[in-house]
1. Could you list all residues from the range 190-209 that are of a type in the set (G, A, S) and surrounded by fewer than 22 Cβ atoms within 10 Å (Cβ to Cβ)?
2. Just to be sure I understand, how many residues within the range 338-358 are over 17 Å from N407 (Cα atoms) and assigned to a helix (DSSP H, G or I)?
3. Checking the conditions here, which among G254, G233 is assigned by TED's automatic domain parsing to the domain that holds E89, under 16 Å from E75 (Cα atoms) and not polar (S, T, N, Q)?
4. Would you confirm whether any residue within the range 258-265 is farther than 30 Å from E364 by Cβ and either touching a residue at least 12 places away in the same chain (Cβ under 8 Å) or crowded, with 23+ Cβ neighbours inside 10 Å (or both)?
5. Among the numbered criteria (1) touching a Leu at 6+ places or on another chain (Cβ under 9 Å); (2) more than 30 Å from Y306 (Cα to Cα), which single criterion is violated by V144?
6. For F335, indicate whether it is crowded, with 20+ Cβ neighbours inside 10 Å, in contact (Cβ under 8 Å) with a residue 12 or more places away in the chain and not in a strand (DSSP E or B).
7. Give the number of residues within the range 146-165 that are under 23 Å from the mean Cα position of the chain (by Cα) and without any contact (Cβ under 8 Å) to a residue 12 or more places away in the chain.
8. Can you tell me which of V223, V203 is in contact with a Pro (Cβ under 9 Å, 6 or more places away or on another chain), assigned to a strand (DSSP E or B) and in contact (Cβ under 8 Å) with a residue 60 or more places away in the chain?
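The values are calculated or read from the model by the stated rules, or taken from the named source; none is laboratory data. Since the structure is predicted, the reported quantities are computational estimates derived from the model, not experimental observations. Here Cβ is always computed from backbone atoms with ideal geometry, including for glycine, and neighbour counts include all displayed protein chains.
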Amino acid sequence: MERKMKPESLMMSYGYKPELSEGAIKCPIFQTSTFVFKSAEEGKAFFEVAYGMREKMAGEELGLIYSRINNPDLEILENRLTLWDEAEECAIFESGMAAITTVLLEFLKPGETVLISSPLYGGSDHFIKKVLPKFHINALTFRVGATKDEVIQLVKDSGLADTLALVYIETPANPTNDLIDIAASKEIAKYFSKPVKEIYLAVDNTYMGPLWQHPLKLGADLVLYSATKYIGGHSDVIAGACLGSNELIQRVKGLRTFLGNMASPNTGWLLLRSLETLKVRMDCQATNANKVAEFLNQDARVEKVYFLGNLSEKDGIAYQIKQKQCLSNGAMISFDVKGSEKEAFQFLNALRLIKLAVSLGSTESLAEHPASMTHIDVDPDLKKELGISEKMIRLSVGVEYYEDIINDIKQALDHVHP
């Protein structure tokens, strides 16, 4: 029996046939808008499948039509990305927000309600709370730490239970590293599902990437990524991804075709390149993050550290969730400096190696100020409630030598003067 290879081995070649590309060892960039049919009959058959007028016959593949619908770079990339999450299908987008908004628009319609966890990434929070209402779509929010029964009662008490259509969570949450129980969230979705309407669970897994957490295995129906982050991982490409069952991803791809927010061939090629080093990069980042967090935990100038590795049995439910669904402590650390915005800015302005920039999951370490940057648009009272304060710094740990990262943090803290 042939041994099944690990995803990190298959990232070099899975889904690509060199003989179809003049023997090139790497997939070329198929920089073309359209594809030539061998015959009119073939073109008709391709369109019938693409537009859902019939199912594919046994052994039939969707032929290449037009790069808004499909392209070799995207198809090979989508095939490879399914390996980490063991998903049936994948859809690639030109940004993480394109993936998120397409899913929300596909699975929600006017008069319906989405149940969301809090906190969420600022862009997701804005779209759900300020754009979806324009389409008469409601949002219900539950807080970290709420039990399954408490969330169910929240939905019942809202008077919107009959309109619930989607549960959307982000775990670990950006920027607090708060954890939401994926399996319990699916149970909530099942509780309100009806024979005529299943309520799906979508999980933003950007913070953990495709290596450190596998939501589909924990009950999620859809998993979402800003592929800009770990999947791209070099701060040179913007992209998004959605993975799930064949049935659901076909729906997502259908809307993607008409919104036109698929990724370009060049984006697909860059992500294919990045996937080859995904595991070694993320392994290094996780190791570095553990060492950085250890330093921050011991520095008297740091008031609090938000890091999965800090959780212990005394943290109760949060620790139990981490043990159940997280395969690593990750590489994202938030921490509060003693003081307020002034001290936080003093720290950020003094960094030398670490770059002052938003985004995360890249080879270089990045630091930013969530309250005034990525989460500036979040309601001020909600930010206060969630602990996203003016003294919080968010740090994405890169692949540099860990002692250099720590020394840069140390010298920057030396510039903080209350």
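1. Selection gives S193 alone.
2. 5
3. None of the others qualify; the one that does is G254.
4. Yes.
5. The single condition V144 does not satisfy is (2).
6. No: the conditions fail for F335.
7. So the count comes out to 1.
8. Result of the check over V223, V203: V223.
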